[in-house]
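Accompanying notes for the structure given below.
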Amino acid sequence: MTAPLLQLDGLSIGFGDKTVVQDLNLSIARGERVALVGESGSGKSVTALSILGLADQARQTGRILLDGEDLLQKTEQQMRGIRGRDVAMVFQEPMTALNPLFTIGKQIAESLRLHEGLRPNAARERGIELLRRTGIPEPERRIDSFPHQLSGGQRQRAMIAMALACRPRLLLADEPTTALDVTVRQQIVELLIGLQEQEAAERGMAVLLITHDLNLVKRFAHRVAVMEKGVLVETNTTSDLFSNPQHPYTRRLLNSEPERAIDPIASNARRLLEVQGLSVDYRTSVKGWRSAFSKSSFRALQDVGITLRRGETLGIVGESGSGKSTLAAAILGLQRPSEGLIHIDGQPLSTLKSTNSRRMVSSRLQVVFQDPYGSLSPRMTIEQIVGEGIALHRPEVTTAARRQRMVALLDEVGMPADVLPRYPHEFSGGQRQRIAIARALAVEPELLVLDEPTSALDVSIQQQVLNLLTRLQKKYTLSYLFITHDLAVMRAMAHRVAVMKAGQIVEIGDTMDILRAPAHPYTQALLAASMVAGAAA
């Protein structure tokens, strides 16, 4: 039998007195694609970092064998020669992994010069070819672009090009599609499969995919390894694991798909939100001497119209740049429309001039953002975060009554009262999102704008948050404007859906009707990319 390319033999990893990976045994053959799945804290990412020798200050025992050589016995200088050349990594968020001060070309060339000794011109030509191979348009021009000048999908393609520059034997892909829209996600998956198959045929390159996206696993992996709390609980071929999971944790992961559990809207439900003919323009800069004579603008929204009734959820879906977040910002009063009207309970927002009247309306509209770690102030306690809105909008409430209200809110979202003196960094992602929801509910709003509220969460935690939102909607007859690129979440949560492309609504209607029979080609492409259409039938 041929020896595996990578073998983890009794690998244990710890920090201080805490063991985060325990006695992990896993092998990957040449040319194989293996997925390592599990929730946050299961030990997936730290395992990948250990393979690269990047688990700083970790206590590691066991063996990490690459072609029979134990990487744990290598010096740091030896590992520098292995990283990039023999083992490379594609990270989840290229915007943070790429250096913002250097062009894409310089970052690709760095690895080529270090490992292959290429001169600058030769490295540039190889970089252009790599960008072309990974599907970036106009690679001769894009190679001189900085990371912020590329879209999310292009940045991920550039990172894949960097990882493949020295043709490694093993590619580690840590959540490579999580931050991407569904159509771009499909493109990246197809790209990775195509590139791996080419490299496998020529050099036997294998891929270890780290993810919690089970749809991605089903498409991508030959085998799947499931981790729970640092322990490998199940390994099997992809088809067998999905058709006949053995471990209870694996079964729970596979059953975490959001279920549709929303009530129909009453026929006499009043119209809470109405948007008519909404357009938004952004000013763009004109460089050089032309700036004195030219004024340029970009139309982010074009003639958008939607309505939302009490107790209803309207899903807004579309890829990055489609105008979803601009629409939400305009409704929240954070972006001035160029044209059109926004009515709340029949009252145009544009007529609200006084601070008090605007504050009164804003208390009826609240927002829950995608990343609670970024939206919750790290310098404020949970008591200050949740109580801030009450103090601002209900100044007549006494301190004792305000605290009582906060305790009730936290209980409503499944958090104990003893979290009040603590800070956001002390909580998990799911707990932080519960706190963000409690903050939004503090001023008793009627409409919540939910901007990708579960996309950063593991599948089981995502299900818990969606169940919470559904329960709160039923209890308080809340209306939700639910922005998402996850069509499975939309199917579970939305009564109606509006599909956006290039600043316009291309299709709007009942969620299940659109999932079963999408009329617009763009909606059809979204459904084909997400594999949700079959679930709606």
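A Cβ-based charge dipole, computed about the Cα centre of segment 6-254 with Lys and Arg at +1 and Asp and Glu at -1, lands at about 360 debye. Give me the Debye-computed log₁₀ of I(q)/I(0) at q = 0.11, 0.20, 0.22 Å⁻¹ for segment 1-124, equal point scatterers on Cα only, no solvent, two decimals. Summing over Cα pairs of segment 1-124 leads to -0.46, -1.25, -1.36. In the chain, taking the dipole from charged Cβ atoms about the Cα centre, the farthest positive-side position among Ala29, Ile342, Met490 is held by Ile342. Coupling constants for segment 118-134 follow from the phi torsions by the Karplus curve (6.51 cos²θ - 1.76 cosθ + 1.60, θ = phi - 60°), and in residue order they are 6, 6, x, 5, 5, 5, 5, 4, 5, x, 4, 5, 5, 5, 5, 5, 8 Hz; glycine and proline get x.
Here the dipole of segment 423-537 is about 200 debye; that uses its Cα centre as origin and unit charges on the Cβ of Lys and Arg (positive) and Asp and Glu (negative). For segment 317-429, the square roots a ≥ b ≥ c of the C-alpha gyration tensor eigenvalues yield an a/c of 1.5 or more together with a/b not exceeding b/c, which makes the shape oblate.
P(r) tail for the chain: Cα pairs beyond 37 Å make up 38% of the total. Which angle from 0 to 90°, rounded to the nearest 10, does the C-alpha axis of helix 182-203 make with the longest principal axis of the chain? That helix lies at roughly 0 degrees to the long axis. So what does log10 I(q)/I(0) come out to for segment 377-444 at q = 0.12, 0.19, 0.22 Å⁻¹, using the Debye formula with one equal point on every Cα and no solvent? Treating every Cα as an identical point scatterer, log10 I(q)/I(0) equals -0.25, -0.64, -0.86.
Taking the chain as the region of interest, the number of lysine pairs whose Cα atoms are within less than 23 Å, with members eight or more places apart or on different chains, is 8.
Can you give the translational diffusion coefficient of segment 6-254 in µm²/s, computed by Stokes-Einstein from the Kirkwood radius over Cα pairs at 4 °C and 1.567 mPa s? Rounded, D is 70 µm²/s. Relative to the longest principal axis of the Cα atoms of the chain, the long axis of helix 399-412 lies at roughly 50 degrees. The residue among Pro139, Ser42, Leu278 whose Cα reaches farthest toward the positive pole of the charge dipole of the chain, with charges on the beta-carbon of Lys, Arg, Asp and Glu, is Leu278. Assuming charge only on the beta carbon of Lys and Arg (+1) and of Asp and Glu (-1), the dipole of segment 54-123 about its Cα centre is about 180 debye to the nearest 20. Estimated purely from DSSP H runs of n ≥ 4, each contributing -39500 (n - 2.57), the mean residue ellipticity at 222 nm for the chain is -11000 deg cm²/dmol once divided by its residues.
Oblate is the label for segment 129-202, because the ratio a/c of its alpha-carbon gyration tensor axes (a ≥ b ≥ c) is 1.5 or higher and a/b is not greater than b/c.
Taken together, the values in this text are just the output of simple stated rules run on the coordinates, not laboratory data. Since this is a predicted model, take the numbers as computed values, not measurements. Glycine also receives a Cβ, built like all others from the backbone with ideal geometry; neighbour counts cover every protein chain displayed.
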